[in-house]
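Student: I am attaching a structure below and will ask some questions about it afterwards.
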Amino acid sequence: MRILGIESSCDETAAAVVEDGRQMLSNMVASQIEAHKIYGGVVPEIASRMHAEAISAVTEEALRQAQLSMAEIDAVAVTFAPGLVGALLVGLNFAKGLAFAGQKPLIPVHHLRGHVAANYLTNEELAPPFLSLIVSGGHTHIVEVLDYTTFRAVGRTRDDAAGEALDKTARMLGLPYPGGPHLDALGRGGEAGAFRFPRPKVAGHPYDFSFSGLKTAALNKRQEANGRERDFAASFQFAVADYLCQNTLRAAEALDYRVIVLAGGVSANSVLRAEMQRRCAERGLELYLPELRYCGDNAAMIAAQGYYEHLAGHVAGLALNAVPSLPIDAG
Ligand code: KG4
Ligand code: ZN
């Protein structure tokens, strides 16, 4: 089954074609980063307008690269939640139009489920159940993936997302938006033990996170970091990675998971990848990481998850609406 995926939840306009949830035939992403950079973050109105400008061309290019016409596509999968509502609506309405015109099923996909499914594109043998750490710009969750469309969140952040903490710390150091990848580059070769940051515990919730304390600690130590930015970047990233790994592996042990899957934009972080790899190897756990090109927002991951949503009978009518905030385990 060939699925056209559409993604427009934040600042990437993306379209892709994936066969049977696993084989990527094309994957187009038009990034808006340059337009938002001067504001230091995503401006929702600009995001919506740029999605509207780009979506037709991006979709045409995805079909062209897959060497397929719309008639050869079996279904349209689209991100309907969560995200910026105006941005989501652009992709959603476009997908509805395509589905209606071609009389094809319209498959609603939760963005974070898509991030998890990014792993199916590279790791043919990967199948649920497994435990996933989902870390992006707006979300930090530890989720049991019971089967392809049954999720149970067991841990979450109480305040900032991991990506947000990384981006804000990067900004403090004067790095451009989005800061995560720049902080990653700056910290290479730095001393990870040079600065200490807390790993806050959330009482009664052993798998939950609180990143605002880390961010405040970074702000307080900012002066000490002058001239030692590399060590500061390395130390902060190590603290974030260590905290993420600790809670994930604690949950894996308590809930008896032997397979761990990383997902979301922050899973591109080199410190997090290395730390998780090292600790999983020590414990004899199997670890899956998304390929770097599938870590950030893209539509191949939406088409991949769309395949499994369709298998489970999750098809929407044209009344489908965008939902800015929705738990991964809803519905
Ligand atoms: O999943 P994503 O592309 O968009 C959301 O759904 O939010 O995640 C974006 C986040 C941003 O915070 C960005 O700075 C972070 O992922 N990110 C990284 C790296 N690459 C992207 N953070 C740390 N290191 C990286 N290499
Ligand atoms: Zn994302």
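Student: Compute log10 of I(q)/I(0) for the chain with the Debye formula, placing one identical point scatterer on every Cα and leaving out solvent, at q = 0.10, 0.11, 0.12, 0.14 Å⁻¹, to two decimals.
Tutor: Here the Debye-derived log intensity ratios amount to -0.56, -0.67, -0.80, -1.07.
Student: While we're on this one: Within 10 Å, at most 16 other Cβ atoms, and a DSSP state outside H, G, I, E, B define an exposed site. Report the longest part of the chain free of exposed trypsin sites (Lys or Arg not before Pro).
Tutor: Value returned for the longest uninterrupted segment is 23-157.
Student: So, one more: For the pair ASN220/GLU60, report the inter-label distance in nm, with labels modelled 7 Å from Cα in the Cβ direction.
Tutor: Placing both labels 7 Å along Cα→Cβ, they lie 5.6 nm apart.
Student: Right, here's the next one. By how many degrees, between 0 and 90 and to the nearest 10, does the Cα long axis of helix 212-221 differ from the longest principal axis of the chain?
Tutor: Rounded to the nearest ten degrees, it is 50.
Student: What area, in nm² and to one decimal, does the C-alpha convex hull of the stretch 153-275 cast on average over all directions?
Tutor: Dividing the Cα hull surface by four gives the mean projection, 7.4 nm².
Student: Under 20 Å Cα-Cα from LYS215, which aspartates and glutamates qualify once same-chain neighbours fewer than 8 residues away are excluded?
Tutor: Here the aspartates and glutamates satisfying the reach criterion relative to LYS215 are ASP159, ASP160, GLU164, ASP167, ASP184, GLU191, GLU224, GLU229, ASP231, ASP242.
Student: At R0 = 35 Å, how high is the FRET efficiency between LYS201 and ARG22 if r is their beta carbon distance? Nearest 0.05 is fine.
Tutor: The computed FRET efficiency comes out at 0.35.
Student: Also, I was wondering about something else. Can you tell me the 0 to 90 degree angle between the C-alpha axis of helix 229-255 and the longest principal axis of the chain, rounded to 10?
Tutor: 70
Student: Ordering CYS280, CYS10 from largest to smallest accessible area (1.4 angstrom probe), what's the sequence?
Tutor: Result of the area sort, largest leading: CYS10, CYS280.
Student: A further question on this structure: Add -39500 (n - 2.57) for each DSSP H run of 4 or more in the chain, then divide by its residues: what number comes out at 222 nm, to the nearest 500 deg cm²/dmol?
Tutor: Mean residue ellipticity at 222 nm (helix-derived): -13000 deg cm²/dmol.
Student: Now for a separate question. For the chain, take the longest principal axis of its alpha carbons; what is the angle in degrees between that and the long axis of helix 300-311, to the nearest 10 within 0 to 90?
Tutor: Its long axis makes an angle of about 60 degrees.
Student: OK, next. Mind checking which of SER270, ASN123, VAL58 is farthest towards the positive end of the chain's charge dipole, using Cβ charges of +1 (Lys, Arg) and -1 (Asp, Glu) about the Cα centre?
Tutor: After comparing all options, I get SER270.
Student: Find how much the distance from VAL315 to GLU229 grows on full extension, using 0.36 nm per residue of separation minus their present alpha carbon separation; answer in nm with one decimal.
Tutor: In short, 26.0 nm is gained.
Student: Let me ask something additional. Quick one: order LEU88, LEU219 from most to least accessible surface, probe 1.4 Å.
Tutor: Accessible-area ranking of LEU88, LEU219, largest first: LEU219, LEU88.
Student: Given 0.36 nm per residue, what is the gain on full extension from GLU45 to MET1 after removing their alpha carbon distance, in nm? Kindly include the intermediate steps, with their values, before the conclusion.
Tutor: Numbers: separation 44, 0.36 × 44 = 15.84 nm, distance 3.53 nm.
Length difference between fully extended and current span is 12.3 nm.
Student: Report the longest stretch of the chain that contains none of the GluC sites (Glu not before Pro) sitting in a DSSP loop with at most 10 other Cβ atoms within 10 Å. Let's see the in-between values first.
Tutor: On the way: sites that count: GLU124, GLU125.
Longest run free of exposed loop sites: 126-331.
Student: Long-range amide H contacts for PHE209: which residues qualify at under 5 Å (H placed 1.01 Å from N, peptide plane, sequence gap of 5 or more or a different chain)?
Tutor: Close amide H contacts, sequence-distant or interchain: ARG156, THR157, ARG158.
Student: Just to check I understand the Karplus step: with θ = phi - 60° and J = 6.51 cos²θ - 1.76 cosθ + 1.60, what whole-Hz values come out for the stretch 65-74, glycine and proline as x?
Tutor: Result, rounded to whole Hz: 5, 7, 6, 10, 9, 4, 5, 8, 8, 8.
Student: So, one more: So how strong a dipole does the chain carry about its Cα centre when Lys and Arg Cβ are +1 and Asp and Glu Cβ are -1, to the nearest 20 debye?
Tutor: Values: 29 positive and 36 negative charges, 175 e Å.
Here the chain has a charge dipole of around 840 debye.
Student: Let me ask you something else. For the residue pair ALA281 and ASP329, what label-to-label distance in nm results when each label sits 7 Å from Cα along the Cα-to-beta-carbon direction?
Tutor: With each label point 7 Å from Cα toward Cβ, the separation is 3.3 nm.
Student: Still on this structure: Let's test the formula: R0 of 22 Å, r as the Cβ-Cβ distance of ALA101 and GLU34. What FRET efficiency results, to the nearest 0.05?
Tutor: Approximately 0.10, to the nearest 0.05.
The values are calculated or read from the model by the stated rules, or taken from the named source; none is laboratory data. Computed from a predicted structure; not experimentally measured. Here Cβ is always computed from backbone atoms with ideal geometry, including for glycine, and neighbour counts include all displayed protein chains. All accessible areas refer to the heavy atoms of the entire protein, side chains included, with ligands and DNA or RNA removed. Shrake-Rupley method; radii C 1.70, N 1.55, O 1.52, S 1.80 Å.
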